[in-house]
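Colleague: So that we are looking at the same thing, I have put the structure below in structure tokens.
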Amino acid sequence: MPQVPSTSGDLTQDSAVNPAHRNTVDPAARTSKKVFEGMSASSIGLELGISVVLGTLGGIWADSYFGTEPWLMLLGIGFGCFAGFRGVLRAVAKEDRKGARDDQEILAIARHAAQDAARGN
């Protein structure tokens with residue numbers, strides 16, 4: 001018959017003391033996460049610009065190939081703007097979801113702290 005371990009499997013010495021300390025994050029990880037988020041935010045404008053430029057160049061090439069100047073270039077600009085703004089809206093929606101998750105985490109921490117204070121911990 002296999003023996004059941006006498007510990008909870010947690011690697012800390014005293015896991016019953018203040019679980020809020022278990023969620024600490026290395027400061028270097030926080031810094032690199034902020035840098036990554038900043039780079040992601042700055043890439044939104046780059047994505048918009050590249051989309052418009054590629055649409056315009058594709059339209060100019062199509063106009064020269066089919067001889068329909070300037071109509072396919074205008075269509076390419078339209079497609080490029082659509083694709084670029086779609087990327088911007090997707091990035092904004094992603095940040096909104098992240099902000100909502102962060103708000104929920106803050107509320108949970110505040111609730112936990114209020115419960116600890118009510119218990120006298």
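Values in this text are rule-based calculations from the coordinates and carry no lab data. A quick note: this is a predicted structure, and the numbers were derived from the prediction, not measured.
Colleague: Which three numbers, in whole Å and largest first, are the semi-axes of the equivalent ellipsoid of the range 44-97 derived from its Cα gyration tensor as √(5λ)?
Modeller: Details: eigenvalues 155, 14, 6 Å².
After scaling each eigenvalue by five and taking roots: 28, 8, 5 Å.
Colleague: Using Cα-Cα distances under 8 Å and only pairs 6 or more residues apart, what relative contact order does the range 34-109 have, in percent? Walk me through the numbers before you get to the answer.
Modeller: Values: 68 pairs, mean separation 24.0, N = 76.
The normalised contact order for the range 34-109 reaches 32 percent.
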